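The structure appears right after this line, and notes come after that.
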Amino acid sequence: MTSRRPRETAMPKPADAIVRYTYAERASHWLLVISFFLAALSGLAFFHPSLFWLTNFFGGGPWTKILHPFLGVAMALFFIALALRVWHHNVIKEADKEWLKHAGDVMAGHEERAPPAGKYNAGQKVLFWLLALCVLGLVVTGFVFWRPYFAGAFPIWLVRLATLLHAIAATGLILLIIGHIYMSLWTKGSIRAMTQGWVTRSWARSNHPAWYREVTKER
Amino acid sequence: MSSLQSLDITGRSATTTPSPSARNTTEVAKLIDISKCIGCKACQVACSEWNDLRDAIGHNVGVYDNPADLDAESWTVMRFTEYVEEDGRLEWLIRKDGCMHCADPGCLKACPSPGAIVQYSNGIVDFIEEHCIGCGSCITGCPFNVPRLSKKDNKVYKCTLCSDRVSVGLEPACVKTCPTGAITFGSKEDMKEHAAERIVDLKERGYQNAGLYDPPGVGGTHVMYVLKHADKPEIYHGLPADPSISPMVSFWKGAFKPVALAAMGLTALAGVLHYLKVGPKEPHDEPPPPGDRDA
């Protein structure tokens, strides 16, 4: 049955399914998701008056203020935990530059025009490093204006700069995550990969051909 | 303190709709004539007494400033500076430090908590501590380094310009108590006129650079100084020459926020439109390579 189209839900795991994410990787990813949403929603509460109502999810304004920095630190730690597992798959190589030139083709549904992607395609690799940059920026700047514990140790111009850069890095991170979530919704089978851990052979072959060849030793 | 003047609010932190402003009151100002100040600190005591605040006893750090800095429980502090004039004469500059009640308050602009900072039509900028979340953004926004975060309750405090007294027609406690008349209070217009007379007097006495400190960079202030050396405000314990809200603060709280929110919304919308146009990305239905057990 070569033309079987994998359904997103309720599909039994085929006997020849390929493992994409181990339990540890999946757990690491979803802990990061939870901490990201908690940190992002508590931060957005202070970002614009129209979003202050989000403080209701965290027990009101003062509690949201108290919790947000700790939630952010938790997010950074979970990010590091996941990044340590996946960074070596995200090293940008020469072929990735060629892939990026075909990013428009890929988005238009013509992935075959781009060089075959490995475990992660060049777009995913760029996303990974931009996420790392934003998370690093958020943590470093966040400590600079974390009151009452750390802000007093820094000159006011640095506190102001850090506050602005924190808002910019947070906006960058949220935009990247919106893109990341969309890609997972667009590419059918990828949410199952991150929840159940496996992908079909045709999924691997069409989305990550070089990785498919690597893990199956097939051509 | 709690908002006592709920009908005449011209500015309210983290609020995008008009504030209740049915009532309009006269713009007031406190004028501090530094040339008349003897540094007795009666104003500090009056402030502490009226507001019923008792700061912890501090330590002598070798200068007359006592307490050494503003605090959540010390809303005004006399700043003593020994200044040597060009002709070698020593001059003791004593500045009563505290909230300047800016017309364009950086604290209010930076505050993320709706209604935690309000500005009344009389010009007073007041912290409503019960709405304060303790983030300290007001400290980041203030061009004069005035708000202080309390170690006891993690709320910020500063001079209220005795908004409670002013709202019932009284002058601030520090004004009431000043024995030399260095501090006066009234409509901002009257205070400017009074200052102008004092400046003429000071110039006659040889202080050619005497002038009024009412910095336009923050839209003017509702606490003003008469300075003998208005050309060099920094000599008065670092009083900024041309204070304004930092561009980093005004960009962060100004143009950036709506642009960032719009970018988030548009990115999500772009995803929806892309999905509708291109459709889901399913695995290709290609013939299986030899040996593929998918078949």
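Just so it is clear, none of the values below were taken in a lab; they were calculated from the coordinates. For clarity, every value in this text was computed on a predicted model and none was experimentally measured. Positions of Cβ are generated from backbone atoms using ideal geometry, with glycine treated the same way; all protein chains shown enter the neighbour counts.
So residue B:146 clears everything in (1) free of Cβ contacts under 8 Å to residues at least 12 places away in the same chain; (2) touching a Lys or Arg at 6+ places or on another chain (Cβ under 8 Å) except one condition, right? Which one?
(1)
This table checks each residue for (1) touching a helix residue (DSSP H, G or I) at 6+ places or on another chain (Cβ under 9 Å); (2) surrounded by fewer than 24 Cβ atoms within 10 Å (Cβ to Cβ); (3) not small (Gly, Ala, Ser).
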{"position": "B:100", "(1), (2), (3)": "yes, no, yes"}
{"position": "B:114", "(1), (2), (3)": "yes, yes, yes"}
{"position": "B:120", "(1), (2), (3)": "yes, no, yes"}
{"position": "B:127", "(1), (2), (3)": "yes, no, yes"}
{"position": "B:156", "(1), (2), (3)": "yes, no, yes"}
{"position": "B:171", "(1), (2), (3)": "yes, yes, yes"}
{"position": "B:190", "(1), (2), (3)": "no, yes, yes"}
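Can you name the residue in region B:192-230 that is out of contact with any helix residue (DSSP H, G or I) (no Cβ under 7 Å at 6 or more places or on another chain) and hydroxyl-bearing (Ser, Thr, Tyr) and is also nearest to residue B:84 (Cα to Cα) among such residues?
Among those that are out of contact with any helix residue (DSSP H, G or I) (no Cβ under 7 Å at 6 or more places or on another chain) and hydroxyl-bearing (Ser, Thr, Tyr), it is B:207.
What helices (runs of 4 or more DSSP H) lie completely within region B:73-190 and have 3 or more residues being hydrophobic (A, V, I, L, M, F, W, C)? Explain how you work it out, then say what you get.
Numbers: elements: B:106-110, B:137-141, B:163-167, B:173-177.
So the answer is B:106-110, B:173-177.
Listed here are the residues, each with its yes/no results for (1) surrounded by 17 or more Cβ atoms within 10 Å (Cβ to Cβ); (2) under 17 Å from residue B:265 (Cα atoms); (3) away from every other protein chain (no Cβ under 14 Å); (4) acidic (Asp, Glu).
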{"position": "A:20", "(1), (2), (3), (4)": "yes, no, no, no"}
{"position": "A:23", "(1), (2), (3), (4)": "no, no, yes, no"}
{"position": "A:28", "(1), (2), (3), (4)": "yes, no, yes, no"}
{"position": "A:42", "(1), (2), (3), (4)": "yes, no, no, no"}
{"position": "A:45", "(1), (2), (3), (4)": "yes, yes, no, no"}
{"position": "A:56", "(1), (2), (3), (4)": "no, no, no, no"}
{"position": "A:59", "(1), (2), (3), (4)": "no, no, no, no"}
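Counting residues that are within 14 Å of the chain's Cα centre (by Cα), which helices (runs of 4 or more DSSP H) fully inside region A:66-179 reach at least 2?
Working: elements: A:94-101, A:103-107, A:122-144.
Filter on region A:66-179 gives A:122-144.
Here is a check on your reading of the model: is residue B:231 more than 21 Å from residue B:106 (Cα to Cα), in a loop (DSSP other than H, G, I, E, B) and away from every other protein chain (no Cβ under 13 Å)?
On the way: more than 21 Å from residue B:106 (Cα to Cα): yes; in a loop (DSSP other than H, G, I, E, B): yes; away from every other protein chain (no Cβ under 13 Å): yes.
Here the answer is yes, as residue B:231 does meet what is asked.
Checking the structure you have, find out if any residue of region B:40-47 is small (Gly, Ala, Ser), part of a helix (DSSP H, G or I), touching a Lys or Arg at 6+ places or on another chain (Cβ under 7 Å) and surrounded by 18 or more Cβ atoms within 10 Å (Cβ to Cβ).
Yes, the conditions are met somewhere in region B:40-47.
In region B:227-246, which residue that is out of contact with any Gly (no Cβ under 8 Å at 6 or more places or on another chain) and aliphatic (A, V, I, L, M) is surrounded by the fewest Cβ atoms within 10 Å (Cβ to Cβ)? Spell out the reasoning first.
Step one: filter region B:227-246 for residues out of contact with any Gly (no Cβ under 8 Å at 6 or more places or on another chain), giving B:228-229, B:232-241.
Still in the running and aliphatic (A, V, I, L, M): B:235, B:239, B:241.
Details: B:235: 18, B:239: 22, B:241: 13.
Taking the candidates together, the pick is B:241.
Taking region B:192-222 as the search range and keeping residues that are within 27 Å of residue B:121 (Cβ to Cβ) and among the hydroxyl-bearing types (Ser, Thr, Tyr), which one is surrounded by the fewest Cβ atoms within 10 Å (Cβ to Cβ)?
B:213
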